[in-house]
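Here's the structure we're looking at; comments come further down.
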Amino acid sequence: MMGRRRIVICREGVYYLFVLAFIVGGATARDLNLLFVLAGMMVGPLLFNWRFVAQSLRRLSISRRLPEQIFAGRPFRVEICGDNQRPRLGSWMIAVDDCVQPESTAQESDKQRTRPNASVVLVHIAAGGMGAAAYQVTLPRRGRYRFGPLWVSTRFPMGLVKATAKLKLFERVVVWPRLGRLRPSWLNLLDSRRLGRNATHARQGPVDGDYFGLREWRPGDSKRWIHWRTSAKLGKLAVRQFEQQQNQDLAMVLDLWLPARPSDEDQRRVELAISFAATLADELTRRGSCRLTIAMAARQRGHWSAIASPLFARQTLERLALVDAATENHLAEALSEVVAGNPSGAQVVVISTRSSQLASIGRSEPFVERHRHQRALGKAVWLDVGTDEVRRVFEWDES
């Protein structure tokens, strides 16, 4: 529901009053009754506009609808809904201005009047009805953002007087990291064992998977997979044969290290590493049927593991959206926790902002005490986001 309304005269209203004052002055100086009549006629529209805009915002409720998933760099729609609870009078040309800003700067802007940076117009909301409009916005960076407040205003029908109301309707969202695209060469970067993708084998029957070839029909095969064109040529039934993927466990370590005085290039590498990790987690989750372990060597440390699922992907993206790089070196501890807590055979992939540190980490205390962990560390794959190797397997639009 609308709060306190503020009614002001617009620029066009000021011009209108100037003409009205000129007519009243001329009528007074010349004592012309017709000019007094004209002045009285001009006062009517001004009062009508003032009354109409005041009533248009009365018992009018405005709400905001945000999407469940918001990715950095991807446009999304924000829907503004209006509910007119008056039984008789409708509302026209309701302008709604919204403020979208990072939460880190929201407190500073609260001290001053926040400038709206998104707006929509609800053309007509009938009495007792609802109306909706939407605006599109693209948030460039991951992290926490705040929507609000809302400024609702109208100048209809004459544009002489404007009624404005401020709604303290705030919503906070977490913008997930920017997702890139894994190139086909990603599958060739590692062998089938290291990628967590065992050699595929042909499985006969109606199973979902990649197309493998054709074979003769056998009892128990589904009729849906009969290839009729080939069957007509051969004179006997032929069915499609598919291959089934068998995925192995994967452990991903995100190393977000920054020097004491980071440059713009260092910051760019951090965002690239986070985007790479988010894209890889999202891709592996879509495939499913494997256990995915993720660890962070950053200011926010920790590791988590679960069977790849949409819920796991959501939790991972939310954590990656809020992670910060660190100048301290926590990679040895993160690798030790991941290797010690993973089942045997899980491939370890390190996504880092620096060159390989595996040789020095292997001589550190967490790994010297566990020889089997050293062997697992020797099979780890190091991906430095600053090298051309990553550019060949991962496409990231940083614009």
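Laboratory data are not the source of any read-out in this text; all were calculated from the coordinates shown. What you see is a predicted model, and the numbers here were worked out from it, not measured in a lab. Ideal geometry is used to build each Cβ from the backbone, glycine not excepted, and the neighbour counts take in all protein chains shown.
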Hull volume in cubic angstrom per residue (convex hull over the Cα atoms of region 1-175): 121 Å³
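Compute the signed sum of charges (Lys and Arg +1, Asp and Glu -1) over the other residues within less than 12 Å, Cβ to Cβ, of residue 95. All intermediate terms of the calculation are to be shown ahead of the outcome.
Values: positive: 155, 162; negative: 97, 98.
Neighbour charge sum, excluding residue 95 itself: 0.
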Sites residue 4 and residue 124 - FRET efficiency at Förster radius 25 Å, r taken between beta-carbons, to 0.05: 0.50
Förster radius 56 Å - calculated FRET efficiency between residue 38 and residue 324, Cβ distance, rounded to 0.05: 0.25
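Would you kindly calculate the mean projected area, averaged across all directions, of the convex hull enclosing the Cα atoms of region 109-158, in square nanometres? Display every interim value, and only then the final one.
Values: hull surface 22.6 nm².
With every direction weighted equally, the projected area is 5.7 nm².
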Alpha carbon Rg of region 41-85, scaled by the compact-globule rule 2.2 N^0.38 Å: 1.95
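By how many nm would the segment from residue 392 to residue 307 grow when fully extended, if each residue of separation counts as 0.36 nm and the alpha-carbon distance is taken off?
27.8 nm
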Debye intensity ratio I(q)/I(0), log10, region 12-76, q values 0.13, 0.27 Å⁻¹ (C-alpha model): -0.57, -1.11
